[in-house]
Amino acid sequence: MMSNYAIILAAGKGTRMKSDLPKVLHKVAGISMLEHVFRAVSEIEPEKIETIVGHKAELVEKVLVGRSDFALQSEQLGTGHAVMMAEPSLAGLEGHTLVIAGDTPLITGESLKNLVNFHVSHKNVATILTAQAADPFGYGRIIRNSDGEVVKIVEQKDANDFEKQIKEINTGTYLFENKRLFEALKDINTDNAQGEYYLTDVISIFRQAGEKVGAYILRHFDESLGVNDRIALATAEKVMRKRINEKHMINGVTFTNPESTYIDVDVEIGAEAVIEANVVLKGKTTVGERTVLTNGTRVVDSQIAADVIISQSDIEESIIEEGVTVGPYAHIRPGSILQKGVHIGNFVEVKSSTIGENTKAGHLTYLGNAQVGKEVNFGAGTILANYDGKNKFTTMIGDHAFIGSNSTIIAPLTIGDRALTAAGSVITKEVAADAVAIGRGRQENKEGYAKHCPHHPEKK
Ligand code: UD1
Ligand code: CA
């Protein structure tokens, strides 16, 4: 096959988004629209990808740096003008060029491959990726002659009443014979309702020169969505989520209510995992086989192994090993490692700590900056006091240690293997292996005194 190239249009501000962020950097299912478009484009394996940047160019370039070349469009004078910016690097080359807008995140690599094959096999000079829209408002319309041949594209703002009735729309993606594209761009002008250089005008220029122009109609209209405002952004999100969830279901993951489950595009989930309603999985998260995430669990950038149960809990930037149980209502904060078989129960917070195998912290506990051994038991209400207002200190707890309920352990401190702290203790000094530490006032009972207290029935 002939060489192909790609141009991604990403210079616009996206005025209708009402945002400080350039439009193409708004995210859909966890990654920017530009990243979605780039990934789809990569599937046709172009020899060169040229991204046109303009508004907040540095921010946009950051997303694709090292993966794309960039051309600067310092004034956004229209999509045709944007493509002209690629002229110095592409104009002389033999082959075909894909042009795609950076605001169409739902177009798949598969559709782009189909477009390339259609274009090449029909020997077209230009092929437009089109779709049949139920509501075509806002899109350029595909004008065909009585033989069904494409003759031009008319923008919404330039369309007459007849043209506005047409349902076939331009997705903003095209394949062009590369040299002819740059030649035709020399002939476009700004004589239209928006006073812009329209890329779409090259179609009628090719037709007038008697060249072959075609359209490849997308099978799924959903893919064609161009995101111009936040309503369309939410629609894109919805379509993408459905696609992601269905991919996981096909791979053997059970969803109890996929409509209310939010999974970012790069999340990986093993077979036989169960994802209940209102679960949110973000970023670079992985979930192992047979793991169950119950109602309301939120996981960000974490690795969760197989056979884990997370109940209604929040996990951030942490590693959860096999067979761990967490929750309900636990918070595992960044930098935590829960080793095999750990149990973290209700209202427990873990932060920047490694918790050894089979250790249990069942209730109402805070573990921060700790290195905890295996088979340790934390009683209810344990607090590792790790912060003096300025610095964080480490607590080391040995294997098989037993931390009595309501212990406050003032870091930095080491508690040895098999040591025990008595319930209610404030531990300020190191505890040796096999030692018992008691850090609390002794109890004193005063017989009969209660009769003088206001609560006592005899006093009332
Ligand atoms: C464009 C098409 C329209 C099509 C629609 C599909 C034109 C004239 N119209 O309209 O037929 O139905 O896409 O979604 O092409 N951009 C630049 N530089 C510019 C202007 C735009 O890089 O000077 C970029 C934008 O950042 C955006 C893309 O091109 O990623 C499309 O621009 P936009 O203004 O959204 O075009 P539409 O009005 O949607
Ligand atoms: Ca658009």
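Structure notes:
- Subset of segment 354-385 [outside any strand (DSSP E or B) and either modelled with pLDDT under 95 or on the phi > 0 side of the Ramachandran plot (or both)]: 358, 369, 375, 381
- In segment 144-158, the residues that are open to solvent by less than 80 Å² (accessible area, probe 1.4 Å) and either among the polar types (S, T, N, Q) or under 19 Å from residue 221 (Cβ atoms) (or both): 145, 150, 153, 156
- A single entry from 158, 103 fulfils the requirement of being over 35 Å from the mean Cα position of the chain (by Cα), within 16 Å of ligand 2 (Cβ to nearest atom) and touching a residue at least 12 places away in the same chain (Cβ under 8 Å): 158.
- Subset of segment 276-295 (residues that are open to solvent by less than 40 Å² (accessible area, probe 1.4 Å) and part of a loop (DSSP other than H, G, I, E, B)): 277, 279, 283, 285, 288, 291, 294
- Subset of segment 106-119 [more than 16 Å from ligand 2 (Cβ to nearest atom) and closer than 19 Å to residue 214 by Cα]: 110, 111, 112, 113, 114, 115, 116, 117, 118, 119
- In segment 227-242, the residues that are closer than 17 Å to residue 10 by Cβ reach residues that are away from ligand 1 (no atom under 12 Å from the Cβ) with C-beta atoms within less than 6 angstrom, at least six apart or across chains, in these pairs: 227/233; 236/28.
- Among residues of segment 52-100, those that are hydroxyl-bearing (Ser, Thr, Tyr), in contact (Cβ under 8 Å) with a residue 24 or more places away in the chain and open to solvent by 60 Å² or more (accessible area, probe 1.4 Å), counted: 1
- Candidate set: segment 159-184, residues that are aromatic (Phe, Trp, Tyr) and crowded, with 22+ Cβ neighbours inside 10 Å; chosen: the one nearest to residue 78 (Cα to Cα): 174
- Output for segment 132-155, where each listed residue is in a loop (DSSP other than H, G, I, E, B), under 15 Å from residue 204 (Cβ atoms) and in contact (Cβ under 8 Å) with a residue 24 or more places away in the chain: 140, 149, 155
- Every pair of residues 6+ apart whose Cβ atoms lie under 6 Å, when the first sits in segment 420-439 and is under 17 Å from residue 406 (Cα atoms) while the second is open to solvent by 50 Å² or more (accessible area, probe 1.4 Å) and of a type in the set (Lys, Arg): 424/440; 425/440
- Within segment 195-223, restricting attention to residues that are more than 27 Å from residue 237 (Cβ to Cβ) and among the basic types (Lys, Arg), the residue that is surrounded by the fewest Cβ atoms within 10 Å (Cβ to Cβ) is 212.
- On the stretch given as segment 221-250, residues that are more than 16 Å from ligand 2 (Cβ to nearest atom) and in contact with a strand residue (DSSP E or B) (Cβ under 7 Å, 6 or more places away or on another chain) total 7.
- Search result, residues across segment 249-275 that are acidic (Asp, Glu) and open to solvent by 30 Å² or more (accessible area, probe 1.4 Å): 259, 266, 268, 272
The values are calculated or read from the model by the stated rules, or taken from the named source; none is laboratory data. For clarity, every value in this text was computed on a predicted model and none was experimentally measured. In this analysis, Cβ positions are derived from the backbone assuming ideal geometry, glycine residues included, and neighbour counts consider all displayed protein chains. The protein model used for the area step is the full one, side chains on, heavy atoms only, and it has no ligands, DNA or RNA in it. Shrake-Rupley method; radii C 1.70, N 1.55, O 1.52, S 1.80 Å.
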